[in-house]
Amino acid sequence: MRSTWHATAPSRSALGLTLTALALFATGVWGRPDGGTWAIAYDLVLYNAVYVGAAFGCAAAARRAADDRLAWWSMTVALVLGVVGNLVYSLAIAPMAEEPFPSVADVFYLAYYLPLYVALVGLIRARVARFHASMWLDGVVGALGAGAVAVAALLAPALELTEGSVPAVLTSLAYPVADVVLLALLVGVGAILGVRRDRTLLLLGAGIGANLLGDIVFLDLATAGVYVEGGPLDLTWLVAMALVALAAHHSEPEAVRASAEASARAATRVGWRVLAVPLACNLASLMVLATGYGDRLPTAAAWLAVGCVVAALVRTAITFREVRAFNEVREQARTDELTGLPNRRAFLDAAQRELDSATARHPAALLLLDLDGFKEVNDSLGHHAGDGLLRQVGPRMRGALRTSDTLARLGGDEFAVLLPHAALDEAQERAERLRELLLQPFTVEGIRLHVGVSIGVATAPVPAATVAELLRCADVAMYAAKASRDGVRAYVPDPGSGTGDLLPAAEQAGLMRPLADRVLELSLEAVARWWPTRRVPVSVNLSAANVSDLDLPSKVAMALLRHGLPPAALTLELVEDTLMADPERGRTVLADLRRLGVRTSIDDYGTGYSSLAYLRHLPADELKLDRSLTRDVGSDPRAAAIVRHTVALAHDLGLSLVAEGVEDDETGVALAALGCDVAQGYAIARPMPVEDLLTWLARRESPLQSL
């Protein structure tokens, strides 16, 4: 806060001085003297104090705003020249019995314009990083149009003042010419930058505009010989200085304005904000030409107006070229270069628009096509032959599609067809028709080629509510068609599929850790409901990603703490293969879990590596014998021998043994006789929701089922 105050304090002081001096001069609140030296001094001090305050404000802005530094230093120099000119005129020229013209004061007054021109150029440099042809033409149109109007309004009466010496005539013409150039530059800057919400630019432009207005009125009054010094017209120039001081006060440093300027520079030159100023100047030029028909206006005004119209025509031609080029680039960005079909980006946009209007009564369908045997074409005949084949796919399928259907190439040999207002049956029929067309031979470089195609069909908004879900469903169906060699397969949700689809998809997407975190949270939330009365633990499976997660022990500890459960309420299960990717890291994680008091279990023992050396170093509490080894123990002596020796091995290692797959009482009795500690299977209970499990537990005399 202190550095900000130091940066803005000079600007506030300068602004306060400017506005105070302006108010005192305009109102004469202290009582304006009737005449004499005191009256001259009074007006001289107040009048120039406005200029001085504005100059200090511009200097402060130059030190504060790095981007606009050139513009504000130039404004400072201009205002200083104006003050010097005022002082020279008031103290040296005005007291003379006969005022000379031109005088030394005119040198400072005319020099005042040069830094103003530099300031306007500095404003453009600070706000435009790179100039385009359309920008230059906008500036030319604005400058020529403003120049035509200014010459017609300013130079026309000035040209009538041809009496007097050559220096006097030239000086009389220099002022309106300088104003014309200033107005042309100001409007040209506005045309280049466009209409924007830049408070600094608006205030500074208003200040320069007020200064020009004062000059125009002064020229008219001076030409008529009725100008009175110290009259209300003087307030016009003072108000202009006050606006400049306000602009300097509101000028922002580079860091504050960076984000706004970045967006402004990146904006395309399209829309009314860009075209407003050039259009207005072009219309003004046409009015000048219409009004000045004949000899009523200076020739320079007509030529400037003609130049403005010609520049506007060139600008229009460039605009058409830019719009055409933009559309070509946009089309290229949405078109597959090889086939000329819409690409993935265009297809996704079309699919999103279609899903926005799709309903259950009017669904949309997606066909996802993947060529079978395309790799062999590339490998045997070369990629040029493969490209020739891909170019024929689109025209081949067009005959079976409606004009409202969207055919796109998503990449490689994968194509997609979007069918608006198509139910599943219709989409399957269309897919079969496309498959028949694509199974017909293609002729590439004189060679007849046969390729197959696998097509997945999915619909929206049911079961897919988004474009991503629609693509995923069609992809699943397409791979099912490829695996089964059916050719066409529709995606139909299978409530019984469960984790057969979920876990591989989650592992492929890298979501196994967050999925396990969520399962752990839900499991402990369920255990907390029965643990106070029934000490039945819950088991949660771990994947390879979980076992290698060094943060897993701390996550488990925090989860147990959140639910108010002891470590004995949780058992974590893993299969043997999950440790093989990084055994050392896995053993570290399991050891940390055991130190917490959480039991660990080796699931599906007997189906993986089953290495005894591996089992020797594994920190576990429980061994779960796979059902492939337990289901025939009652009838197969060899199976019973394997179970008997595995039980003995587990007990010798200090592990309890759980027998999986116990689906009948006879198998349970046989396993109990072989020494198994715990049974798991349908003979005890089938999977059930938490509410049903609570009821089942309430009916049990013992919370644990032992053998």
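The values are calculated or read from the model by the stated rules, or taken from the named source; none is laboratory data. Since the structure is predicted, the reported quantities are computational estimates derived from the model, not experimental observations. Here the Cβ is made from the backbone with ideal geometry for all residues, glycine too, and neighbour counts use every protein chain on show. Accessible surface areas use protein heavy atoms only, side chains included; no ligands, DNA or RNA. Shrake-Rupley method; radii C 1.70, N 1.55, O 1.52, S 1.80 Å.
Here residue 262 meets each of (1) assigned to a helix (DSSP H, G or I); (2) out of contact with any strand residue (DSSP E or B) (no Cβ under 9 Å at 6 or more places or on another chain); (3) at pLDDT 70 or above with one exception, condition (3). Listed by position, the strands (runs of 3 or more DSSP E) inside the range 441-551 whose residues that are of a type in the set (A, V, I, L, M) and either open to solvent by 20 Å² or more (accessible area, probe 1.4 Å) or modelled with pLDDT of 80 or more (or both) number at least 3 are 452-460. Filtering the range 626-652 down to residues that are in contact with a strand residue (DSSP E or B) (Cβ under 8 Å, 6 or more places away or on another chain) and modelled with pLDDT of 85 or more, which residue is farthest from residue 586 (Cα to Cα)? Filtering the range 626-652 for residues that are in contact with a strand residue (DSSP E or B) (Cβ under 8 Å, 6 or more places away or on another chain) and modelled with pLDDT of 85 or more, the one farthest from residue 586 (Cα to Cα) comes out as 643. Scanning the range 633-662 for residues that are in a loop (DSSP other than H, G, I, E, B) and exposed (fewer than 15 other Cβ atoms within 10 Å of the Cβ) turns up 635, 636, 653, 654. From the set of residues in the range 663-679 that are part of a loop (DSSP other than H, G, I, E, B) and open to solvent by less than 70 Å² (accessible area, probe 1.4 Å), which is modelled with the lowest pLDDT? In this case the residue turns out to be 664. Scanning the range 314-336 for residues that are touching a helix residue (DSSP H, G or I) at 6+ places or on another chain (Cβ under 9 Å) and either open to solvent by less than 50 Å² (accessible area, probe 1.4 Å) or at pLDDT 70 or above (or both) gives 314, 315, 318, 319, 333, 334, 335, 336.
Quick one: in the range 571-592, of everything that is in contact with a Leu (Cβ under 6 Å, 6 or more places away or on another chain) and outside any strand (DSSP E or B), which residue is modelled with the highest pLDDT? Restricting to residues being in contact with a Leu (Cβ under 6 Å, 6 or more places away or on another chain) and outside any strand (DSSP E or B), the top hit is 589. Residue 386 falls short on exactly one of the conditions (1) in contact with a His (Cβ under 7 Å, 6 or more places away or on another chain); (2) over 24 Å from residue 418 (Cβ atoms), and that condition is (1). Checking every residue in the range 107-130 against the condition of being at pLDDT below 70, buried (at least 17 other Cβ atoms within 10 Å of the Cβ), in contact with a helix residue (DSSP H, G or I) (Cβ under 8 Å, 6 or more places away or on another chain) and assigned to a helix (DSSP H, G or I) gives at least one match. Note on the range 595-605: residues that are out of contact with any Asp or Glu (no Cβ under 7 Å at 6 or more places or on another chain) and surrounded by fewer than 22 Cβ atoms within 10 Å (Cβ to Cβ) total 3.
All conditions but one from (1) open to solvent by 60 Å² or more (accessible area, probe 1.4 Å); (2) closer than 21 Å to residue 457 by Cβ apply to residue 374; the one that does not is (1). The set of residues in the range 385-417 that are touching a helix residue (DSSP H, G or I) at 6+ places or on another chain (Cβ under 6 Å) and open to solvent by 10 Å² or more (accessible area, probe 1.4 Å) comprises 396, 400, 406, 410, 413. In summary, residue 393 fulfils each of the numbered conditions (1) without any contact (Cβ under 8 Å) to a residue 24 or more places away in the chain; (2) under 18 Å from residue 434 (Cα atoms) with the single exception of condition (1). If you check residue 88 against the conditions, is it under 46 Å from the mean Cα position of the chain (by Cα) and not in a loop (DSSP other than H, G, I, E, B)? Here the answer is no, as residue 88 does not meet what is asked.
Pairing residues of the range 240-253 that are farther than 14 Å from residue 211 by Cβ and open to solvent by less than 10 Å² (accessible area, probe 1.4 Å) with residues that are modelled with pLDDT of 80 or more and of a type in the set (A, V, I, L, M, F, W, C), at Cβ distances under 6 Å and at least 6 apart in sequence or on separate chains, gives 248/58; 248/61; 251/61.
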